[in-house]
Amino acid sequence: MNWVELLEPNNALVINKKLLKRFGLARAAIIIELINQQSCCQQKKELVNGFFYTTIKKFKDNTGLDEKQLRDELFELKSVGIIDYCNLGLSEKKYFKFDEEKLWQELQR
């Protein structure tokens, strides 16, 4: 792999400026990754009562954040009501759901 392939747009995490200003870099990256995963699960028709799944490993790989940062930021997003999450079964999958209205309200502040 050469440097052009390494830095191509398909390998980039694009962060919305409104999210960045409102939530900071780490939370904005998490929200974007969740939006990407939700979209992917919707396309595959894998939503479960509005919940979609991802793994901490996938989060780490796609955002560059470490596990402690992820857990702390996810907890904060849950505590303000923007997301809900739970573990279902014994797998590494963590299931998430957005409160879209709450996210919209936070972006309007």
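The values are calculated or read from the model by the stated rules, or taken from the named source; none is laboratory data. Note that the structure is a prediction, hence the values are computed from the model and not measured. Cβ sites come from the backbone with ideal geometry, for glycine too, and all protein chains shown count toward neighbours.
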* Sort out which residues of segment 59-74 are farther than 19 Å from Trp104 by Cα and over 10 Å from the mean Cα position of the chain (by Cα), and write them in order of number. => Lys60, Asp61, Gly64, Leu65, Asp66, Glu67, Lys68, Gln69, Arg71, Asp72
* Filtered residues of segment 11-26 (kept if crowded, with 18+ Cβ neighbours inside 10 Å and closer than 13 Å to Leu74 by Cα) -> Phe23
* State whether the residues of segment 91-99 include one that is within 20 Å of Lys21 (Cβ to Cβ), of a type outside the set (S, T, N, Q), at pLDDT 95 or above and not in a helix (DSSP H, G or I). => no
* Asked: Just wondering, is there one or more residues in segment 81-90 that are within 17 Å of Ala29 (Cα to Cα) and in a loop (DSSP other than H, G, I, E, B)?
  -> yes
* Go through the residues of segment 48-58 one by one and say whether even a single one is over 24 Å from Arg22 (Cα atoms), touching a Ser or Thr at 6+ places or on another chain (Cβ under 8 Å) and buried (at least 16 other Cβ atoms within 10 Å of the Cβ). => no
* Asked: Does Leu65 satisfy being within 18 Å of Leu13 (Cβ to Cβ) and assigned to a helix (DSSP H, G or I)?
  -> no
* If you scan segment 62-92, which residues turn out to be among the hydrophobic types (A, V, I, L, M, F, W, C), out of contact with any helix residue (DSSP H, G or I) (no Cβ under 6 Å at 6 or more places or on another chain) and touching a residue at least 40 places away in the same chain (Cβ under 8 Å)? -> Leu74, Leu77, Leu88
* Asked: Consider Gln37 against the criteria (1) without any contact (Cβ under 8 Å) to a residue 40 or more places away in the chain; (2) in a helix (DSSP H, G or I): it satisfies all of them except one. Which criterion is unmet?
  -> (1)
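Select, from Asn11, Asn49, Asn36, the only residue that is farther than 25 Å from Gln105 by Cβ, out of contact with any Phe, Trp or Tyr (no Cβ under 8 Å at 6 or more places or on another chain) and at pLDDT below 95.
None of the others qualify; the one that does is Asn11.
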